[in-house]
Amino acid sequence: MFGTLKSIWQLLLGIFLLMLGHGIQGSLVGIRGVAQDFSTIEISLVTSAYFFGFLIGSRLAPVMITQVGHIRVFAALASTISAVLIIYAIAPLAWVWIILRVLIGIGFSGVYVVAESWLNESATNSNRGQILAIYIIVQMLGLASAQSLLNFDEDTGYFLFVLASVLVSVSFMPILLSINPAPPYETSKPMKLAKLLEVSPLGVVGMVLLGTVFSALFGLSAVFGARVGLSIAENSLFIAMIYIGGIVSLYPIGYLSDLIDRRKLILLLSSTCALTALIGGLLGHLFIPLLVVAFVIGATTNPLYSLLIAYTNDYLDYEDMPACAGRMIFLNGFGAVSGPFLVGWTMDFFGDAGFFYFIAAIMLGLSTFNIIRMQLKKLPTDYESMSYAPISPSASPVVVEVAQEVAIEQHTEE
(Lines give C-alpha, C1' and ligand atoms only; values in the text may rest on other atoms or scores of the structure.)
Protein backbone atom coordinates (compact mmCIF):
# COMPACT_ATOMS: atom_id res chain seq x y z
CA MET A 1 0.00 0.00 0.00
CA PHE A 2 2.75 2.50 0.97
CA GLY A 3 4.68 1.65 -2.18
CA THR A 4 1.57 2.38 -4.24
CA LEU A 5 1.00 5.70 -2.47
CA LYS A 6 4.64 6.70 -2.97
CA SER A 7 4.33 6.26 -6.72
CA ILE A 8 1.15 8.30 -7.18
CA TRP A 9 0.95 10.72 -4.21
CA GLN A 10 1.58 13.81 -6.38
CA LEU A 11 -1.19 12.87 -8.76
CA LEU A 12 -3.54 12.16 -5.85
CA LEU A 13 -2.66 15.49 -4.23
CA GLY A 14 -3.57 17.28 -7.44
CA ILE A 15 -6.85 15.39 -7.67
CA PHE A 16 -7.65 16.23 -4.03
CA LEU A 17 -7.06 19.95 -4.66
CA LEU A 18 -9.12 19.74 -7.83
CA MET A 19 -12.02 18.20 -5.89
CA LEU A 20 -11.73 20.91 -3.23
CA GLY A 21 -12.29 23.56 -5.90
CA HIS A 22 -15.05 21.53 -7.52
CA GLY A 23 -16.80 20.93 -4.21
CA ILE A 24 -16.76 24.64 -3.33
CA GLN A 25 -18.26 25.74 -6.63
CA GLY A 26 -20.90 23.01 -6.60
CA SER A 27 -22.33 24.14 -3.27
CA LEU A 28 -21.56 27.84 -3.68
CA VAL A 29 -23.57 28.16 -6.89
CA GLY A 30 -26.70 26.93 -5.09
CA ILE A 31 -26.23 29.10 -2.00
CA ARG A 32 -25.37 32.20 -4.02
CA GLY A 33 -28.28 31.52 -6.39
CA VAL A 34 -30.71 31.70 -3.47
CA ALA A 35 -29.03 34.88 -2.21
CA GLN A 36 -29.43 36.42 -5.69
CA ASP A 37 -33.18 35.54 -5.62
CA PHE A 38 -32.96 33.21 -8.60
CA SER A 39 -36.31 31.56 -9.25
CA THR A 40 -36.72 27.81 -8.84
CA ILE A 41 -36.69 27.25 -12.59
CA GLU A 42 -33.54 29.37 -12.93
CA ILE A 43 -31.76 27.38 -10.22
CA SER A 44 -32.92 24.15 -11.87
CA LEU A 45 -31.54 25.27 -15.23
CA VAL A 46 -28.22 26.28 -13.67
CA THR A 47 -27.96 22.91 -11.94
CA SER A 48 -28.90 20.89 -15.03
CA ALA A 49 -26.45 22.83 -17.17
CA TYR A 50 -23.46 21.26 -15.41
CA PHE A 51 -24.65 17.70 -16.03
CA PHE A 52 -25.51 18.58 -19.63
CA GLY A 53 -22.00 19.94 -20.09
CA PHE A 54 -20.54 16.83 -18.46
CA LEU A 55 -22.33 14.63 -21.00
CA ILE A 56 -21.02 16.79 -23.86
CA GLY A 57 -17.51 16.68 -22.41
CA SER A 58 -17.54 12.90 -22.18
CA ARG A 59 -18.05 12.81 -25.96
CA LEU A 60 -15.69 15.68 -26.84
CA ALA A 61 -12.75 14.68 -24.64
CA PRO A 62 -11.75 11.55 -26.61
CA VAL A 63 -11.86 13.51 -29.88
CA MET A 64 -9.74 16.37 -28.50
CA ILE A 65 -7.22 14.01 -26.91
CA THR A 66 -6.84 12.11 -30.18
CA GLN A 67 -6.23 15.35 -32.09
CA VAL A 68 -3.90 17.31 -29.78
CA GLY A 69 -2.88 15.01 -26.92
CA HIS A 70 -3.52 14.69 -23.18
CA ILE A 71 -1.42 17.57 -21.91
CA ARG A 72 -2.82 20.23 -24.24
CA VAL A 73 -6.40 19.14 -23.57
CA PHE A 74 -5.77 19.13 -19.82
CA ALA A 75 -4.18 22.61 -19.88
CA ALA A 76 -6.93 24.11 -22.06
CA LEU A 77 -9.83 22.71 -20.04
CA ALA A 78 -8.19 23.43 -16.69
CA SER A 79 -7.67 27.06 -17.70
CA THR A 80 -11.30 27.27 -18.77
CA ILE A 81 -12.48 25.96 -15.40
CA SER A 82 -10.32 28.45 -13.51
CA ALA A 83 -11.59 31.37 -15.62
CA VAL A 84 -15.23 30.33 -15.29
CA LEU A 85 -14.97 30.28 -11.50
CA ILE A 86 -13.96 33.96 -11.54
CA ILE A 87 -16.70 34.95 -14.00
CA TYR A 88 -19.31 33.42 -11.64
CA ALA A 89 -18.51 36.15 -9.13
CA ILE A 90 -18.48 39.12 -11.47
CA ALA A 91 -21.61 38.16 -13.45
CA PRO A 92 -24.22 36.74 -11.01
CA LEU A 93 -26.96 36.45 -13.65
CA ALA A 94 -28.91 33.25 -14.18
CA TRP A 95 -28.51 33.12 -17.98
CA VAL A 96 -24.77 33.74 -17.66
CA TRP A 97 -24.43 31.04 -15.02
CA ILE A 98 -26.26 28.55 -17.23
CA ILE A 99 -23.66 29.06 -19.96
CA LEU A 100 -20.82 28.94 -17.44
CA ARG A 101 -22.13 25.71 -15.91
CA VAL A 102 -22.20 24.04 -19.33
CA LEU A 103 -18.59 25.11 -19.86
CA ILE A 104 -17.48 23.95 -16.42
CA GLY A 105 -19.26 20.62 -16.94
CA ILE A 106 -17.37 20.12 -20.20
CA GLY A 107 -14.15 21.16 -18.47
CA PHE A 108 -14.40 18.82 -15.50
CA SER A 109 -15.49 15.91 -17.69
CA GLY A 110 -12.39 16.29 -19.86
CA VAL A 111 -10.04 16.91 -16.93
CA TYR A 112 -11.32 13.74 -15.23
CA VAL A 113 -10.67 11.72 -18.38
CA VAL A 114 -7.09 12.98 -18.67
CA ALA A 115 -6.22 12.73 -14.95
CA GLU A 116 -7.71 9.26 -14.68
CA SER A 117 -5.86 8.17 -17.81
CA TRP A 118 -2.58 9.15 -16.16
CA LEU A 119 -3.67 7.43 -12.96
CA ASN A 120 -4.42 4.25 -14.86
CA GLU A 121 -1.05 4.48 -16.63
CA SER A 122 0.64 4.51 -13.19
CA ALA A 123 -1.11 1.29 -12.19
CA THR A 124 0.05 -2.28 -12.67
CA ASN A 125 -1.91 -5.50 -12.57
CA SER A 126 -0.78 -6.03 -8.98
CA ASN A 127 -1.86 -2.64 -7.59
CA ARG A 128 -4.69 -1.46 -9.89
CA GLY A 129 -7.33 -2.38 -7.30
CA GLN A 130 -5.49 -0.47 -4.56
CA ILE A 131 -5.07 2.59 -6.75
CA LEU A 132 -8.75 2.58 -7.67
CA ALA A 133 -9.77 2.34 -4.00
CA ILE A 134 -7.41 5.15 -2.96
CA TYR A 135 -8.57 7.34 -5.84
CA ILE A 136 -12.25 7.00 -4.93
CA ILE A 137 -11.54 7.81 -1.27
CA VAL A 138 -9.40 10.86 -2.17
CA GLN A 139 -12.07 12.11 -4.56
CA MET A 140 -14.88 11.89 -2.01
CA LEU A 141 -12.72 13.27 0.81
CA GLY A 142 -11.95 16.27 -1.39
CA LEU A 143 -15.64 16.93 -2.03
CA ALA A 144 -16.50 16.53 1.66
CA SER A 145 -13.60 18.69 2.87
CA ALA A 146 -14.53 21.43 0.41
CA GLN A 147 -17.70 22.14 2.37
CA SER A 148 -15.71 23.37 5.36
CA LEU A 149 -14.10 26.03 3.17
CA LEU A 150 -17.50 27.66 2.66
CA ASN A 151 -17.10 29.06 6.18
CA PHE A 152 -14.23 31.31 5.04
CA ASP A 153 -16.72 33.88 3.76
CA GLU A 154 -20.15 34.26 5.33
CA ASP A 155 -21.30 36.43 2.43
CA THR A 156 -20.57 33.62 -0.09
CA GLY A 157 -19.25 36.34 -2.34
CA TYR A 158 -16.22 37.02 -4.50
CA PHE A 159 -13.62 35.50 -2.16
CA LEU A 160 -14.95 31.95 -2.30
CA PHE A 161 -15.12 31.94 -6.09
CA VAL A 162 -11.53 33.16 -6.18
CA LEU A 163 -10.53 30.49 -3.64
CA ALA A 164 -12.10 27.78 -5.81
CA SER A 165 -10.29 29.15 -8.87
CA VAL A 166 -6.95 29.19 -7.02
CA LEU A 167 -7.40 25.61 -5.76
CA VAL A 168 -8.21 24.36 -9.24
CA SER A 169 -5.23 26.22 -10.72
CA VAL A 170 -2.82 24.96 -8.03
CA SER A 171 -4.07 21.39 -8.51
CA PHE A 172 -2.56 21.29 -11.99
CA MET A 173 0.98 21.69 -10.68
CA PRO A 174 1.41 18.32 -8.90
CA ILE A 175 -0.58 16.58 -11.63
CA LEU A 176 1.51 17.90 -14.52
CA LEU A 177 4.81 17.44 -12.67
CA SER A 178 4.09 13.82 -11.78
CA ILE A 179 2.94 12.34 -15.06
CA ASN A 180 4.60 10.54 -17.91
CA PRO A 181 3.31 10.66 -21.49
CA ALA A 182 -0.04 8.90 -21.44
CA PRO A 183 -1.00 6.17 -23.91
CA PRO A 184 -3.48 6.84 -26.71
CA TYR A 185 -6.97 7.32 -25.28
CA GLU A 186 -9.24 4.41 -26.06
CA THR A 187 -12.70 3.56 -24.82
CA SER A 188 -15.09 0.92 -26.04
CA LYS A 189 -18.05 1.77 -28.21
CA PRO A 190 -21.15 1.88 -25.95
CA MET A 191 -23.52 -1.05 -26.03
CA LYS A 192 -26.83 -0.50 -27.79
CA LEU A 193 -29.50 0.56 -25.33
CA ALA A 194 -31.94 -2.11 -26.54
CA LYS A 195 -29.42 -4.85 -25.80
CA LEU A 196 -28.61 -3.43 -22.37
CA LEU A 197 -32.31 -3.16 -21.56
CA GLU A 198 -32.75 -6.79 -22.56
CA VAL A 199 -29.81 -7.86 -20.38
CA SER A 200 -30.68 -5.81 -17.29
CA PRO A 201 -33.90 -3.75 -17.10
CA LEU A 202 -33.12 -3.06 -13.44
CA GLY A 203 -29.69 -1.69 -14.33
CA VAL A 204 -31.10 0.66 -16.98
CA VAL A 205 -34.03 1.96 -14.94
CA GLY A 206 -31.95 2.12 -11.77
CA MET A 207 -29.21 4.21 -13.38
CA VAL A 208 -31.65 6.78 -14.77
CA LEU A 209 -33.48 7.09 -11.45
CA LEU A 210 -30.23 7.28 -9.52
CA GLY A 211 -29.01 10.06 -11.81
CA THR A 212 -32.00 12.23 -10.87
CA VAL A 213 -31.26 11.67 -7.18
CA PHE A 214 -27.56 12.51 -7.56
CA SER A 215 -28.41 15.76 -9.31
CA ALA A 216 -30.68 16.64 -6.38
CA LEU A 217 -28.09 15.75 -3.76
CA PHE A 218 -25.05 17.32 -5.38
CA GLY A 219 -26.82 20.21 -7.10
CA LEU A 220 -29.71 21.31 -4.90
CA SER A 221 -28.85 20.25 -1.36
CA ALA A 222 -27.15 23.63 -0.84
CA VAL A 223 -30.28 25.35 -2.18
CA PHE A 224 -32.44 23.42 0.27
CA GLY A 225 -30.16 24.34 3.18
CA ALA A 226 -30.15 28.02 2.24
CA ARG A 227 -33.93 28.15 1.84
CA VAL A 228 -34.67 26.56 5.21
CA GLY A 229 -32.43 29.09 6.92
CA LEU A 230 -29.31 27.07 7.70
CA SER A 231 -26.23 29.20 8.33
CA ILE A 232 -23.22 28.76 6.05
CA ALA A 233 -21.54 26.59 8.69
CA GLU A 234 -24.65 24.45 9.15
CA ASN A 235 -25.26 24.15 5.42
CA SER A 236 -21.66 23.12 4.73
CA LEU A 237 -21.87 20.40 7.38
CA PHE A 238 -25.24 19.23 6.03
CA ILE A 239 -23.75 18.80 2.53
CA ALA A 240 -20.56 17.22 3.85
CA MET A 241 -22.56 14.52 5.66
CA ILE A 242 -23.84 13.27 2.30
CA TYR A 243 -20.28 12.65 1.10
CA ILE A 244 -19.13 11.26 4.46
CA GLY A 245 -21.98 8.76 4.44
CA GLY A 246 -20.84 7.59 1.02
CA ILE A 247 -17.23 7.19 2.14
CA VAL A 248 -18.23 5.16 5.20
CA SER A 249 -20.58 2.77 3.40
CA LEU A 250 -18.92 2.23 0.03
CA TYR A 251 -16.67 -0.68 0.99
CA PRO A 252 -18.87 -2.46 3.57
CA ILE A 253 -21.70 -2.50 1.03
CA GLY A 254 -19.27 -3.81 -1.56
CA TYR A 255 -18.25 -6.63 0.75
CA LEU A 256 -21.87 -7.61 1.37
CA SER A 257 -22.73 -7.44 -2.33
CA ASP A 258 -20.26 -10.22 -3.10
CA LEU A 259 -21.97 -12.50 -0.56
CA ILE A 260 -25.71 -12.12 -1.19
CA ASP A 261 -28.19 -11.57 -4.01
CA ARG A 262 -27.43 -8.01 -5.12
CA ARG A 263 -31.09 -7.29 -5.80
CA LYS A 264 -31.85 -7.77 -2.11
CA LEU A 265 -29.12 -5.31 -1.23
CA ILE A 266 -30.40 -2.82 -3.82
CA LEU A 267 -33.86 -3.19 -2.29
CA LEU A 268 -32.52 -2.65 1.22
CA LEU A 269 -30.56 0.47 0.26
CA SER A 270 -33.27 2.06 -1.89
CA SER A 271 -36.08 1.42 0.61
CA THR A 272 -33.94 2.66 3.53
CA CYS A 273 -33.14 5.80 1.56
CA ALA A 274 -36.82 6.34 0.70
CA LEU A 275 -37.91 6.00 4.33
CA THR A 276 -35.10 8.26 5.58
CA ALA A 277 -35.88 10.93 2.98
CA LEU A 278 -39.56 10.84 3.94
CA ILE A 279 -38.58 11.37 7.57
CA GLY A 280 -36.32 14.24 6.46
CA GLY A 281 -39.26 15.93 4.77
CA LEU A 282 -41.41 15.57 7.88
CA LEU A 283 -38.74 16.79 10.32
CA GLY A 284 -38.87 20.33 9.01
CA HIS A 285 -35.77 22.38 9.79
CA LEU A 286 -34.33 20.53 12.81
CA PHE A 287 -30.59 20.68 12.25
CA ILE A 288 -29.24 17.58 14.07
CA PRO A 289 -31.87 15.24 12.59
CA LEU A 290 -31.12 16.73 9.17
CA LEU A 291 -27.46 15.74 9.56
CA VAL A 292 -28.47 12.16 10.35
CA VAL A 293 -30.81 12.11 7.37
CA ALA A 294 -28.09 13.47 5.07
CA PHE A 295 -25.61 10.85 6.31
CA VAL A 296 -28.01 7.94 5.75
CA ILE A 297 -29.05 9.19 2.32
CA GLY A 298 -25.40 9.53 1.30
CA ALA A 299 -24.60 6.09 2.73
CA THR A 300 -27.42 4.44 0.77
CA THR A 301 -27.27 6.26 -2.59
CA ASN A 302 -23.51 6.39 -3.27
CA PRO A 303 -22.94 2.59 -3.18
CA LEU A 304 -25.97 2.04 -5.41
CA TYR A 305 -24.03 3.38 -8.40
CA SER A 306 -21.35 0.69 -8.12
CA LEU A 307 -23.92 -1.90 -7.11
CA LEU A 308 -26.08 -1.41 -10.21
CA ILE A 309 -23.04 -1.68 -12.48
CA ALA A 310 -21.87 -4.82 -10.65
CA TYR A 311 -25.35 -6.36 -10.88
CA THR A 312 -25.53 -5.68 -14.62
CA ASN A 313 -22.06 -7.18 -15.06
CA ASP A 314 -23.34 -10.40 -13.52
CA TYR A 315 -25.27 -11.07 -16.73
CA LEU A 316 -22.58 -10.00 -19.21
CA ASP A 317 -19.59 -11.69 -20.78
CA TYR A 318 -16.23 -10.14 -19.95
CA GLU A 319 -15.81 -8.63 -23.40
CA ASP A 320 -19.17 -6.79 -23.16
CA MET A 321 -18.50 -5.09 -19.81
CA PRO A 322 -16.52 -2.06 -21.05
CA ALA A 323 -19.20 -1.30 -23.65
CA CYS A 324 -21.85 -1.58 -20.94
CA ALA A 325 -19.93 0.86 -18.72
CA GLY A 326 -20.13 3.65 -21.28
CA ARG A 327 -23.86 3.24 -21.70
CA MET A 328 -24.49 3.12 -17.94
CA ILE A 329 -22.62 6.41 -17.48
CA PHE A 330 -24.76 7.99 -20.20
CA LEU A 331 -27.99 6.78 -18.57
CA ASN A 332 -26.92 8.18 -15.21
CA GLY A 333 -26.05 11.49 -16.85
CA PHE A 334 -29.38 11.59 -18.68
CA GLY A 335 -31.19 11.22 -15.37
CA ALA A 336 -28.98 13.90 -13.81
CA VAL A 337 -29.88 16.43 -16.54
CA SER A 338 -33.62 15.96 -16.02
CA GLY A 339 -33.46 15.66 -12.22
CA PRO A 340 -33.17 19.34 -11.23
CA PHE A 341 -36.36 20.27 -13.11
CA LEU A 342 -38.29 17.53 -11.30
CA VAL A 343 -36.81 18.53 -7.94
CA GLY A 344 -37.58 22.19 -8.58
CA TRP A 345 -41.19 21.41 -9.47
CA THR A 346 -41.56 19.26 -6.34
CA MET A 347 -40.14 22.02 -4.14
CA ASP A 348 -42.51 24.55 -5.71
CA PHE A 349 -45.47 22.26 -5.05
CA PHE A 350 -44.61 20.90 -1.58
CA GLY A 351 -42.35 23.66 -0.31
CA ASP A 352 -38.79 23.11 0.90
CA ALA A 353 -39.67 19.60 2.12
CA GLY A 354 -40.23 18.68 -1.52
CA PHE A 355 -36.46 18.21 -1.79
CA PHE A 356 -36.69 15.14 0.44
CA TYR A 357 -40.08 14.01 -0.88
CA PHE A 358 -38.60 13.85 -4.38
CA ILE A 359 -35.74 11.62 -3.23
CA ALA A 360 -38.21 9.44 -1.30
CA ALA A 361 -40.46 9.05 -4.36
CA ILE A 362 -37.60 8.16 -6.71
CA MET A 363 -36.09 5.62 -4.31
CA LEU A 364 -39.53 4.12 -3.65
CA GLY A 365 -39.91 3.77 -7.42
CA LEU A 366 -36.56 1.96 -7.63
CA SER A 367 -37.57 -0.34 -4.76
CA THR A 368 -40.89 -1.15 -6.40
CA PHE A 369 -39.34 -1.87 -9.79
CA ASN A 370 -36.71 -4.04 -8.10
CA ILE A 371 -39.41 -6.12 -6.40
CA ILE A 372 -41.21 -6.57 -9.73
CA ARG A 373 -38.00 -7.71 -11.42
CA MET A 374 -37.27 -10.14 -8.57
CA GLN A 375 -40.65 -11.76 -9.20
CA LEU A 376 -40.25 -11.87 -12.97
CA LYS A 377 -36.66 -13.06 -13.12
CA LYS A 378 -35.25 -15.56 -10.67
CA LEU A 379 -31.56 -16.05 -10.16
CA PRO A 380 -30.17 -18.90 -12.27
CA THR A 381 -29.23 -22.03 -10.35
CA ASP A 382 -25.58 -21.66 -11.39
CA TYR A 383 -25.52 -17.94 -10.52
CA GLU A 384 -22.11 -16.58 -9.57
CA SER A 385 -21.82 -12.85 -9.03
CA MET A 386 -19.01 -10.73 -10.41
CA SER A 387 -16.69 -9.00 -7.95
CA TYR A 388 -17.78 -5.53 -6.81
CA ALA A 389 -15.54 -2.55 -7.58
CA PRO A 390 -16.19 0.86 -5.97
CA ILE A 391 -16.93 3.71 -8.39
CA SER A 392 -17.72 7.36 -7.71
CA PRO A 393 -20.86 8.77 -9.38
CA SER A 394 -18.70 11.51 -10.93
CA ALA A 395 -16.26 9.04 -12.51
CA SER A 396 -15.34 9.30 -16.17
CA PRO A 397 -15.48 6.32 -18.57
CA VAL A 398 -11.76 5.77 -17.92
CA VAL A 399 -12.06 4.95 -14.23
CA VAL A 400 -15.26 2.96 -14.78
CA GLU A 401 -13.47 0.73 -17.26
CA VAL A 402 -10.55 0.41 -14.83
CA ALA A 403 -13.06 -0.72 -12.20
CA GLN A 404 -14.40 -3.27 -14.69
CA GLU A 405 -10.88 -4.63 -15.20
CA VAL A 406 -10.35 -4.89 -11.45
CA ALA A 407 -13.64 -6.72 -11.00
CA ILE A 408 -12.80 -9.17 -13.77
CA GLU A 409 -9.33 -9.83 -12.32
CA GLN A 410 -10.71 -10.40 -8.83
CA HIS A 411 -13.46 -12.66 -10.14
CA THR A 412 -10.97 -14.67 -12.18
CA GLU A 413 -8.71 -15.15 -9.16
CA GLU A 414 -11.62 -16.27 -7.00
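The values are calculated or read from the model by the stated rules, or taken from the named source; none is laboratory data. Please read these numbers as outputs of a predicted model, since none were measured by experiment. Here Cβ is always computed from backbone atoms with ideal geometry, including for glycine, and neighbour counts include all displayed protein chains. Areas reflect the complete protein model, heavy atoms only, side chains present, ligands, DNA and RNA absent. Shrake-Rupley method; radii C 1.70, N 1.55, O 1.52, S 1.80 Å.
Can you work out the PRE-style zone for Ser231? Point 7 Å along Cα to Cβ, and I want the residues of the range 273-294 with backbone N under 19 Å.
285-292
What's the FRET efficiency of Ile99 with Asn151 using the Cβ-Cβ distance as r and R₀ = 25 Å, to the nearest 0.05? Each step should come with its number before you reach the end.
Numbers: r = 29 Å, r/R0 = 1.16.
Once rounded, the FRET efficiency stands at 0.30.
Provide the packing ranking of 45-54, 104-113, 141-150, i.e. peptides ordered by the mean count of other C-beta atoms within 10 Å per residue, highest first.
104-113, 45-54, 141-150
Peptides 197-210, 13-26, 80-93: what's the order by average Cβ count within 10 Å, highest mean first? Can you show the working numbers first?
On the way: 197-210: 20.9, 13-26: 24.3, 80-93: 18.3.
Averaged packing, sorted descending, gives the order 13-26, 197-210, 80-93.
Residue separation times 0.36 nm, minus the C-alpha to C-alpha distance between Tyr251 and Lys264: what's the value?
3.0 nm
Could the peptides 291-298, 58-65 be put in order, highest first, of the mean number of other beta-carbon atoms found within 10 Å of their residues?
Taking the mean over residues of other Cβ atoms within 10 Å, the ranking is 291-298, 58-65.
Can you flag which of Lys192/Lys264; Lys195/Lys378; Lys195/Lys264 are past 22 Å Cα-Cα?
Too far apart for the 22 Å limit: Lys192/Lys264; Lys195/Lys264.
Given +1 on the Cβ of Lys and Arg, -1 on the Cβ of Asp and Glu, and no further charges, what dipole in debye does the range 26-123 carry about its Cα centre, rounded to the nearest 20?
Computed about the Cα centre, the dipole is about 120 debye.
At 1.4 Å probe size, with every protein chain present, just tell me what the per residue accessible area of the range 33-97 comes to in Å².
44 Å²
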